[in-house]
Amino acid sequence: MIRGFEDKIDIKSLTFLELQELIKDMGEPAFRARQLYEWMHQKQVKSLDEMTNIPKSLKEKILDKCTFTHLEAVEIMESKLDETKKFLFALQDGNIIESVFMKYHFGVSVCISSQVGCRMRCRFCASTIDGVERSLLPSEMLEQIYAISRITGQKVSRVVVMGSGEPLDNYENLLTFIHLLSSDKGMNLGQRNITVSTCGIVPKILALADEDLSINLAISLHASNDEKRKELMPIANTYSMAELLSACRTYFDKTHRQLTFEYSLVSGVNDTLDDANELSHVLEGLNAVVNLIPVNPIKERSFRPTDRRGALEFKNKLEKRRINVTIRREMGRDIDGACGQLRRRALERKRAL
Ligand code: SAH
């Protein structure tokens, strides 16, 4: 059973089966497991106090053995341009993470972090500048969604694991998280509404292909050949594009889920029409969607985004070669929208004190 804060059993990270086992070990009737699971994952309450039909004696037993993970919002920033909201949450050990609430025509999408920091060192990304502190527990990933739902009063219809951290570098916890999030006794979010984004850890992509899930996989590609990819993403030194794309093909063959390739357009680095041409060849036959995102400049690096016209030309070139392309709507640019920027600012403020 997963352990959390103060090395106690992390009750919100337990699967229903594990919770049943725990309740049995405590000498309690079996139906209590279902009640507890519903309070945690359906009603998504903030504390045990709110569980009105659970006896005090059981709550005491739980508090003795378990930790009840919850997040405190330490800052909420609201965009004036759209309804995007960024949340800074404090974890129980004092670490800080960020999550994003985005409103689309289909409903609400929440972007969550999977680690405190990141160790992948992509050159344009703010999350990775100080490396990784630790991976998040399944409960800490869930709580980002539950807390945002509680605070905004809105139902979350899509979850993207695209915040700080590399989800496939936190593989087991990610799987438990997906299982809990999509469980019919819990929030019951369809796996088709869950997207996991990876910088491309090949063995983990292959493992994920065998998990029998129907989640969406997004691959951060950002270049059309190894040389350019290595300039932007150190992971490209470990796995070549050929290996990565072959793993993607395997993933698609096994899951039949359409793949998304993310491509941050960086002016003068990966945004020429030759790059677009090469990209279209590399992706041939993969039935993929390319998501173009003008790079969000961070102050620690000098990368500049491709302008609107350049992005449209890049898109047209890909479309001519029959690649499906979208240009990502930039959300909340006025509130430090890029991955990890808000957390970094908060850390800088803390260090300055
Ligand atoms: N580690 C995972 C998920 C987190 S990053 C991954 O690499 O996919 C989520 C996405 O945001 C990735 O595509 C990442 O490359 C991109 N990203 C990070 N910083 C960015 C920035 N400053 N501008 C544009 N995209 C950025």
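The values are calculated or read from the model by the stated rules, or taken from the named source; none is laboratory data. Worth saying up front: this structure is predicted, and the values here are computed from it rather than measured. Cβ placement follows ideal geometry from the backbone for every residue including glycine, while neighbour counts extend to all protein chains displayed. Heavy atoms of the whole protein, side chains included, go into the accessibility calculation; ligands, DNA and RNA do not. Shrake-Rupley method; radii C 1.70, N 1.55, O 1.52, S 1.80 Å.
Miscellaneous remarks
- Relative contact order for the range 72-352, counting Cα pairs under 8 Å that sit 6 or more residues apart, in percent: 18 percent
- Only protein atoms count toward the accessible area here, which uses a 1.4 Å probe; on the range 200-265, the carbon and sulfur part of that area reaches 45 percent.
- The residues of the range 5-67 present an accessible area of 53 Å² per residue when probed at 1.4 Å with all protein chains retained.
- The portion of the accessible surface of the range 78-153 made up by carbon and sulfur, rounded to a whole percent, is 48 (1.4 Å probe; DNA, RNA and ligands excluded).
- Length released on extending from GLU21 to LEU175, taking residue separation times 0.36 nm less the Cα-Cα span: 53.4 nm
- Within the accessible area of the range 5-67, the carbon and sulfur atoms contribute 51%, probe 1.4 Å, all protein chains present.
- Rounded to the nearest 20, the Cβ-based charge dipole of the range 110-267 about its Cα centre (Lys and Arg +1, Asp and Glu -1) stands at 360 debye.
- Integer Hz, Karplus 6.51/-1.76/1.60 couplings in order for the range 164-174, x for Gly and Pro: 5, x, 10, x, 7, 8, 9, 4, 5, 5, 4
- Estimated from helices alone, the mean residue ellipticity of the chain at 222 nm is -10500 deg cm²/dmol (sum of -39500 (n - 2.57) over DSSP H runs with n ≥ 4, per residue).
- Solvent-accessible surface of the range 77-121, taken per residue with a 1.4 Å probe and all protein chains present: 38 Å².
- Karplus 3J(HN,Hα) series, Hz, for the range 78-90 with 6.51 cos²θ - 1.76 cosθ + 1.60 (x for Gly, Pro): 10, 6, 8, 8, 8, 8, 5, 10, 10, 10, 9, 10, 9
- Taking the charge dipole of the chain about its Cα centre, with +1 at Lys and Arg Cβ atoms and -1 at Asp and Glu Cβ atoms, the residue from SER246, LEU19, VAL295 reaching farthest to the positive side is VAL295.
- Å² per residue, accessible surface of the range 186-226 at 1.4 Å: 32 Å²
- Shown here: the chain, whose C-alpha atoms stretch 68, 50, 37 Å along the first, second and third principal axes, sorted largest to smallest.
- Unit charges on C-beta of K, R, D, E only; dipole of the chain, Debye: 780 debye
- Qualifying lysines (Cα of each under 24 Å from Cα of LYS228; at least 8 residues distant if same chain): LYS204, LYS299, LYS315, LYS317, LYS320
- Point-charge dipole on Cβ atoms (K/R +1, D/E -1) for the range 163-244, about Cα centre, debye to 20: 220 debye
- Efficiency of FRET from Cβ geometry, ALA90 and ALA207, R₀ 30 Å, rounded to 0.05: 0.40
- Virtual paramagnetic centre 7 Å along Cα→Cβ of LYS320, amide N under 13 Å, in the range 269-307: 273-278, 280
- Estimated D of the range 5-67 in µm² per second, where Rh is the Kirkwood radius over Cα pairs and Stokes-Einstein applies at 4 °C, 1.567 mPa s: 111 µm²/s
- Charge-dipole axis of the range 72-352 as Lys and Arg at +1 and Asp and Glu at -1 on Cβ define it, positive-most pick from VAL156, ASN173, THR198: VAL156
- 3J(HN,Hα) couplings calculated from phi for the range 238-248 with the Karplus curve 6.51 cos²θ - 1.76 cosθ + 1.60 (θ = phi - 60°) are, in sequence order, 8, 10, 6, 4, 4, 5, 4, 5, 5, 5, 5 Hz; Gly and Pro show x.
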